[in-house]
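To start, the structure under review is shown below, and the notes come after it.
The values are calculated or read from the model by the stated rules, or taken from the named source; none is laboratory data. Just so you know, these numbers come straight off a predicted model, no measurement behind them. For neighbour counting, all protein chains shown are included, and Cβ atoms are generated from backbone atoms with ideal geometry for every residue, glycine included. Heavy atoms of the whole protein, side chains included, go into the accessibility calculation; ligands, DNA and RNA do not. Shrake-Rupley method; radii C 1.70, N 1.55, O 1.52, S 1.80 Å.
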Amino acid sequence: MRLLLMRHGQTHANVAGELDTAHPGLDLTDLGRAQAAAAAKAIADEHLDAIYVSSRVRTHQTAAPTAEERGLEPVQLDGLEEIAAGAFEMRSDHDAVAGYIGSVATWLEGDLDHRMPGGETGHEFLARYDAAVRTIVETGHGAALVVSHGAALRTWVSTRMAPHPDAPPATQPLHNTALIVLEGDHDSGWEMVSWQGHAVGGELLEDPTAEDPTGDLDPDDDGEIG
(Lines give C-alpha, C1' and ligand atoms only; values in the text may rest on other atoms or scores of the structure.)
Protein backbone atom coordinates (compact mmCIF):
# COMPACT_ATOMS: atom_id res chain seq x y z
CA MET A 1 0.00 0.00 0.00
CA ARG A 2 0.93 3.67 -0.24
CA LEU A 3 1.49 5.27 3.17
CA LEU A 4 1.65 9.05 3.50
CA LEU A 5 3.22 9.96 6.83
CA MET A 6 2.71 13.59 7.81
CA ARG A 7 3.88 15.41 10.88
CA HIS A 8 1.29 17.63 12.58
CA GLY A 9 1.27 21.41 12.23
CA GLN A 10 2.96 23.85 14.59
CA THR A 11 1.68 23.81 18.17
CA HIS A 12 1.99 26.21 21.07
CA ALA A 13 4.37 23.71 22.69
CA ASN A 14 6.59 23.76 19.59
CA VAL A 15 6.86 27.54 19.88
CA ALA A 16 7.67 27.34 23.59
CA GLY A 17 10.13 24.48 23.10
CA GLU A 18 8.18 22.24 25.47
CA LEU A 19 8.19 18.43 25.35
CA ASP A 20 4.45 17.97 24.94
CA THR A 21 3.73 14.26 24.45
CA ALA A 22 0.90 13.43 26.89
CA HIS A 23 -2.83 13.37 26.14
CA PRO A 24 -4.50 15.53 24.87
CA GLY A 25 -1.64 17.88 24.05
CA LEU A 26 -1.71 21.55 23.08
CA ASP A 27 -3.57 23.01 20.12
CA LEU A 28 -2.15 24.20 16.82
CA THR A 29 -1.09 27.82 16.55
CA ASP A 30 -2.56 30.07 13.86
CA LEU A 31 0.45 29.18 11.74
CA GLY A 32 -0.17 25.49 12.45
CA ARG A 33 -3.73 25.80 11.17
CA ALA A 34 -2.46 27.58 8.05
CA GLN A 35 0.04 24.74 7.57
CA ALA A 36 -2.76 22.19 7.82
CA ALA A 37 -4.83 24.01 5.20
CA ALA A 38 -1.84 24.33 2.89
CA ALA A 39 -0.98 20.66 3.34
CA ALA A 40 -4.48 19.65 2.25
CA LYS A 41 -3.96 21.55 -1.01
CA ALA A 42 -0.42 20.22 -1.47
CA ILE A 43 -1.59 16.59 -1.43
CA ALA A 44 -4.82 17.21 -3.36
CA ASP A 45 -3.66 14.99 -6.23
CA GLU A 46 -2.85 12.06 -3.95
CA HIS A 47 -5.47 9.33 -3.82
CA LEU A 48 -6.51 8.57 -0.24
CA ASP A 49 -8.79 5.82 1.02
CA ALA A 50 -8.50 6.79 4.69
CA ILE A 51 -6.97 9.20 7.17
CA TYR A 52 -5.52 8.10 10.51
CA VAL A 53 -4.55 10.25 13.47
CA SER A 54 -3.17 9.74 16.96
CA SER A 55 -5.14 10.58 20.11
CA ARG A 56 -3.38 13.96 20.40
CA VAL A 57 -5.54 16.91 19.42
CA ARG A 58 -2.88 18.42 17.16
CA THR A 59 -3.10 15.51 14.74
CA HIS A 60 -6.89 15.81 14.54
CA GLN A 61 -6.59 19.54 13.83
CA THR A 62 -3.92 18.97 11.18
CA ALA A 63 -5.95 16.30 9.41
CA ALA A 64 -9.21 18.28 9.49
CA PRO A 65 -8.79 20.32 6.26
CA THR A 66 -7.81 17.24 4.25
CA ALA A 67 -10.63 15.21 5.77
CA GLU A 68 -13.18 17.91 4.98
CA GLU A 69 -12.05 18.24 1.37
CA ARG A 70 -12.09 14.45 0.86
CA GLY A 71 -15.29 13.72 2.77
CA LEU A 72 -13.36 11.31 5.00
CA GLU A 73 -13.69 10.83 8.75
CA PRO A 74 -10.26 10.59 10.42
CA VAL A 75 -9.78 7.39 12.39
CA GLN A 76 -8.04 7.70 15.74
CA LEU A 77 -5.60 4.85 16.17
CA ASP A 78 -3.79 4.13 19.41
CA GLY A 79 -0.08 3.60 18.89
CA LEU A 80 0.52 6.55 16.56
CA GLU A 81 1.33 8.90 19.44
CA GLU A 82 4.62 10.71 19.96
CA ILE A 83 7.45 9.01 21.84
CA ALA A 84 6.49 9.58 25.48
CA ALA A 85 8.68 12.15 27.22
CA GLY A 86 8.16 10.49 30.62
CA ALA A 87 10.04 12.43 33.29
CA PHE A 88 10.73 15.22 30.80
CA GLU A 89 7.06 15.92 30.01
CA MET A 90 6.30 19.64 29.38
CA ARG A 91 9.83 20.68 30.25
CA SER A 92 11.84 22.98 27.99
CA ASP A 93 15.14 23.22 29.85
CA HIS A 94 18.38 22.08 28.25
CA ASP A 95 18.79 18.96 30.39
CA ALA A 96 15.28 17.72 29.60
CA VAL A 97 15.57 18.36 25.87
CA ALA A 98 19.01 16.76 25.74
CA GLY A 99 17.74 13.80 27.76
CA TYR A 100 14.78 13.26 25.46
CA ILE A 101 16.53 13.54 22.13
CA GLY A 102 19.55 11.71 23.53
CA SER A 103 17.36 8.74 24.42
CA VAL A 104 15.86 8.67 20.94
CA ALA A 105 19.33 8.97 19.40
CA THR A 106 20.39 5.96 21.50
CA TRP A 107 17.56 3.93 19.92
CA LEU A 108 18.62 5.03 16.46
CA GLU A 109 22.12 3.81 17.23
CA GLY A 110 20.65 0.36 17.90
CA ASP A 111 20.20 0.27 21.68
CA LEU A 112 16.47 -0.39 21.82
CA ASP A 113 16.70 -1.67 25.40
CA HIS A 114 17.38 1.88 26.60
CA ARG A 115 14.43 3.38 28.45
CA MET A 116 13.37 7.00 28.24
CA PRO A 117 13.44 8.15 31.90
CA GLY A 118 9.91 7.56 33.14
CA GLY A 119 8.85 6.42 29.67
CA GLU A 120 9.15 3.59 27.16
CA THR A 121 12.01 1.60 25.67
CA GLY A 122 12.78 1.58 21.97
CA HIS A 123 11.33 -1.92 21.72
CA GLU A 124 8.09 -0.79 23.36
CA PHE A 125 7.76 2.23 21.10
CA LEU A 126 8.36 0.23 17.91
CA ALA A 127 5.97 -2.52 19.01
CA ARG A 128 3.04 -0.17 19.48
CA TYR A 129 3.80 1.82 16.31
CA ASP A 130 4.22 -1.38 14.29
CA ALA A 131 0.86 -2.60 15.60
CA ALA A 132 -0.84 0.62 14.52
CA VAL A 133 0.65 0.51 11.02
CA ARG A 134 -0.22 -3.17 10.68
CA THR A 135 -3.84 -2.34 11.52
CA ILE A 136 -3.85 0.22 8.71
CA VAL A 137 -2.33 -2.21 6.21
CA GLU A 138 -4.75 -4.98 7.11
CA THR A 139 -7.76 -2.82 6.21
CA GLY A 140 -6.83 -3.35 2.58
CA HIS A 141 -6.52 0.35 1.72
CA GLY A 142 -4.62 1.27 -1.39
CA ALA A 143 -3.44 4.53 0.17
CA ALA A 144 -3.79 6.19 3.56
CA LEU A 145 -2.66 9.40 5.22
CA VAL A 146 -1.23 9.09 8.73
CA VAL A 147 -0.88 12.31 10.73
CA SER A 148 1.54 11.64 13.54
CA HIS A 149 4.58 13.13 15.31
CA GLY A 150 8.13 14.12 14.44
CA ALA A 151 10.35 11.95 16.61
CA ALA A 152 7.98 9.00 16.30
CA LEU A 153 7.88 9.18 12.51
CA ARG A 154 11.62 9.47 12.06
CA THR A 155 12.37 6.71 14.52
CA TRP A 156 9.85 4.29 13.00
CA VAL A 157 10.75 5.10 9.39
CA SER A 158 14.50 4.91 10.00
CA THR A 159 14.17 1.43 11.48
CA ARG A 160 11.54 0.03 9.11
CA MET A 161 12.30 1.57 5.71
CA ALA A 162 14.71 -0.08 3.28
CA PRO A 163 17.90 1.98 2.75
CA HIS A 164 17.50 4.63 0.07
CA PRO A 165 20.25 6.86 -1.38
CA ASP A 166 18.04 9.95 -1.17
CA ALA A 167 16.88 9.41 2.40
CA PRO A 168 18.22 12.01 4.84
CA PRO A 169 19.82 10.93 8.11
CA ALA A 170 17.36 10.21 10.91
CA THR A 171 18.81 13.12 12.88
CA GLN A 172 17.71 15.64 10.25
CA PRO A 173 14.74 17.76 11.42
CA LEU A 174 11.27 16.81 10.22
CA HIS A 175 9.43 20.11 10.24
CA ASN A 176 5.73 20.66 10.88
CA THR A 177 3.57 19.17 8.08
CA ALA A 178 6.61 17.52 6.52
CA LEU A 179 5.69 14.43 4.51
CA ILE A 180 7.29 11.02 3.98
CA VAL A 181 5.70 8.71 1.40
CA LEU A 182 6.35 4.96 1.57
CA GLU A 183 5.07 1.97 -0.38
CA GLY A 184 4.99 -1.65 0.73
CA ASP A 185 3.92 -3.51 3.86
CA HIS A 186 5.36 -5.23 6.91
CA ASP A 187 6.03 -8.49 5.08
CA SER A 188 7.64 -7.21 1.87
CA GLY A 189 9.17 -4.14 3.52
CA TRP A 190 8.76 -0.40 3.04
CA GLU A 191 10.36 1.53 0.18
CA MET A 192 10.72 5.31 0.16
CA VAL A 193 8.84 7.14 -2.58
CA SER A 194 9.60 10.67 -1.40
CA TRP A 195 10.77 12.57 1.66
CA GLN A 196 10.00 16.26 2.12
CA GLY A 197 11.43 17.48 5.41
CA HIS A 198 9.84 20.94 5.20
CA ALA A 199 6.17 21.92 5.24
CA VAL A 200 4.46 20.43 2.21
CA GLY A 201 2.61 23.71 1.70
CA GLY A 202 5.90 25.58 1.17
CA GLU A 203 8.79 26.92 3.19
CA LEU A 204 6.92 30.21 3.71
CA LEU A 205 4.86 28.20 6.21
CA GLU A 206 7.89 27.68 8.46
CA ASP A 207 8.60 29.66 11.62
CA PRO A 208 12.39 29.82 12.08
CA THR A 209 11.99 31.56 15.45
CA ALA A 210 10.06 28.68 17.04
CA GLU A 211 11.88 26.10 19.11
CA ASP A 212 10.84 22.48 18.87
CA PRO A 213 12.52 19.77 20.95
CA THR A 214 11.09 16.93 18.88
CA GLY A 215 12.22 18.50 15.63
CA ASP A 216 15.95 17.91 16.09
CA LEU A 217 17.46 14.65 17.28
CA ASP A 218 21.02 15.93 17.73
CA PRO A 219 21.52 16.54 21.47
CA ASP A 220 24.83 18.31 20.80
CA ASP A 221 23.37 20.84 18.39
CA ASP A 222 22.69 24.17 20.08
CA GLY A 223 21.42 25.77 16.90
CA GLU A 224 17.88 25.99 15.59
CA ILE A 225 15.54 23.34 16.91
CA GLY A 226 12.69 22.95 14.52
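Annotations
- Hits in region 58-77 (condition: over 13 Å from Arg7 (Cα atoms) and of a type outside the set (Asp, Glu)): Ala64, Pro65, Thr66, Ala67, Arg70, Gly71, Leu72, Pro74, Val75, Gln76, Leu77
- If you go through region 53-83 and pick out every residue that is surrounded by fewer than 19 Cβ atoms within 10 Å (Cβ to Cβ), in a loop (DSSP other than H, G, I, E, B) and of a type in the set (D, E, K, R), you end up with 2.
- Single unsatisfied condition, Gly202 versus (1) at pLDDT below 95; (2) of a type outside the set (Lys, Arg); (3) farther than 15 Å from Met6 by Cα: (3)
- In region 103-125, the residue that is farthest from the chain's Cα centre (by Cα) out of those that are touching a residue at least 60 places away in the same chain (Cβ under 8 Å) and open to solvent by less than 30 Å² (accessible area, probe 1.4 Å) is Ala105.
- Filter pass, Ala105 being among the hydrophobic types (A, V, I, L, M, F, W, C), out of contact with any helix residue (DSSP H, G or I) (no Cβ under 9 Å at 6 or more places or on another chain) and not in a loop (DSSP other than H, G, I, E, B): yes
- All of Asp166, Asp130 fail the test of being of a type in the set (Asp, Glu), open to solvent by 10 Å² or more (accessible area, probe 1.4 Å) and at pLDDT below 95, apart from Asp166.
- Those residues of region 166-210 which are without any contact (Cβ under 8 Å) to a residue 60 or more places away in the chain and either among the charged types (D, E, K, R) or closer than 13 Å to Ala38 by Cβ (or both), in sequence order: Asp166, Asp187, Glu191, Gln196, His198, Glu203, Leu204, Glu206
- Tabulated pairs, region 84-102, first in contact (Cβ under 8 Å) with a residue 24 or more places away in the chain and in a helix (DSSP H, G or I), second open to solvent by less than 40 Å² (accessible area, probe 1.4 Å) and of a type in the set (D, E, K, R), C-beta under 8 angstrom, 6+ apart or interchain: Gly86/Glu120; Ile101/Asp216
- Test for Leu19: is it open to solvent by less than 10 Å² (accessible area, probe 1.4 Å), touching a Phe, Trp or Tyr at 6+ places or on another chain (Cβ under 6 Å) and not in a helix (DSSP H, G or I): yes
- Qualifying residue in region 141-156 (condition: among the charged types (D, E, K, R) and open to solvent by 10 Å² or more (accessible area, probe 1.4 Å)): no
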